[in-house]
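The values are calculated or read from the model by the stated rules, or taken from the named source; none is laboratory data. Source: prediction; values computed, not measured. Backbone-built Cβ (ideal geometry, glycine too); neighbour counts: all protein chains shown. We work out accessible area using only protein heavy atoms, side chains counted, and drop any ligands, DNA or RNA first. Shrake-Rupley method; radii C 1.70, N 1.55, O 1.52, S 1.80 Å.
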Amino acid sequence: LGCDPMYVTFANSSTSASPLIYLWSFSDGSSSTDANPTHVFTPPGVYTLSLTVSTNSLCIGTSSIQSVSSITVNPSPVAGFTATPMITTIFDPDIVFYDLSSSDVVSWSYDFADGSGSSIENPFHTYTHYGNYQVIQTVNNSYGCPNSTTLLIKILPEFRFWIPNCYTPGNNDGLNDVFKPVVIGVEEYSFYIFNRWGEL
């Protein structure tokens, strides 16, 4: 029992005193001559198989076995989502995600690539730092089959830096008494102060 596409590795336990020739026949019309083949079953459905072994030296003979249990491949969902906006700045880092996955999906999981996530179908997220974020959506259907897809969200760095060109600390009016830059989105800065005659 598995999800589409379903990879199955068969462990052959046939024995013979002389070298064996293998023929695996799968109900999807394909075959293999490997001793322990790996086969991909797709699309969803129920499959059977048979193994025929033969020898062409010493004790020549042929033996076959039909699978006693079926191989069931369940359908997988299709993941898909978009976001608004996909490119923005750190001044407007609010992102709304919209689910576009197939109608058989019953659960959602989002990894926002910044250490947080959500299990809501159409989540909202605010980024606190600029950078490129590879968001992952993982969905599951009622069979428990998963599917994932990614979407790149770009939060661009941006800053605002304003320095007043004068201040009046000694006139006792309570205005412009402190000289300091006004900064947004800046982690570190340095500046020099000159007097009206250009002296540092």
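Considering region 43-67, and only residues there that are surrounded by 11 or more Cβ atoms within 10 Å (Cβ to Cβ) and β-branched (V, I, T), the residue that is farthest from L100 (Cα to Cα) turns out to be T55. The set of residues from region 33-42 being open to solvent by 60 Å² or more (accessible area, probe 1.4 Å) and out of contact with any Asp or Glu (no Cβ under 8 Å at 6 or more places or on another chain) comprises T33, D34, N36, T38. Residues that are polar (S, T, N, Q) and either touching a Cys at 6+ places or on another chain (Cβ under 6 Å) or within 21 Å of P75 (Cβ to Cβ) (or both) within region 19-37 comprise S27, S30, listed in sequence order. Among the residues of region 116-131, is any free of Cβ contacts under 8 Å to residues at least 12 places away in the same chain, surrounded by 15 or more Cβ atoms within 10 Å (Cβ to Cβ), of a type outside the set (S, T, N, Q) and at negative phi? The answer is yes, given that some residue of region 116-131 is free of Cβ contacts under 8 Å to residues at least 12 places away in the same chain, surrounded by 15 or more Cβ atoms within 10 Å (Cβ to Cβ), of a type outside the set (S, T, N, Q) and at negative phi. Among the residues of region 101-115, those that are out of contact with any Phe, Trp or Tyr (no Cβ under 9 Å at 6 or more places or on another chain) and surrounded by 12 or more Cβ atoms within 10 Å (Cβ to Cβ) comprise S102, V105, S107, S109, D111.
Within region 68-100, the set of residues being surrounded by 15 or more Cβ atoms within 10 Å (Cβ to Cβ) and not β-branched (V, I, T) comprises N74, P75, S76, P77, A79, G80, F81, A83, P93, F97, D99.
Looking only at residues that are under 30 Å from H129 (Cα atoms) and outside any strand (DSSP E or B) in region 159-177, which one is least open to solvent (accessible area, probe 1.4 Å)? Once the filter is applied, the top-ranked residue is P164. Taking each residue of region 16-32 that is open to solvent by less than 50 Å² (accessible area, probe 1.4 Å) and looking for partners that are aromatic (F, W, Y) and part of a loop (DSSP other than H, G, I, E, B) with beta-carbon atoms closer than 9 Å, six or more apart or interchain, yields W24/F10; S32/F10.
Candidates T88, T84, T15: the one that is more than 30 Å from G185 (Cβ to Cβ) and polar (S, T, N, Q) is T15. May I ask you to verify whether T149 is over 30 Å from T42 (Cα atoms) and open to solvent by 30 Å² or more (accessible area, probe 1.4 Å)? Taking the combined requirement at face value, the residue does not satisfy it.
When we screen K154, K180 for residues that are within 30 Å of P77 (Cα to Cα) and open to solvent by 60 Å² or more (accessible area, probe 1.4 Å), the only hit is K154. Scanning region 55-76 for residues that are closer than 18 Å to H39 by Cβ, in contact (Cβ under 8 Å) with a residue 40 or more places away in the chain and not aliphatic (A, V, I, L, M) yields a count of 3.
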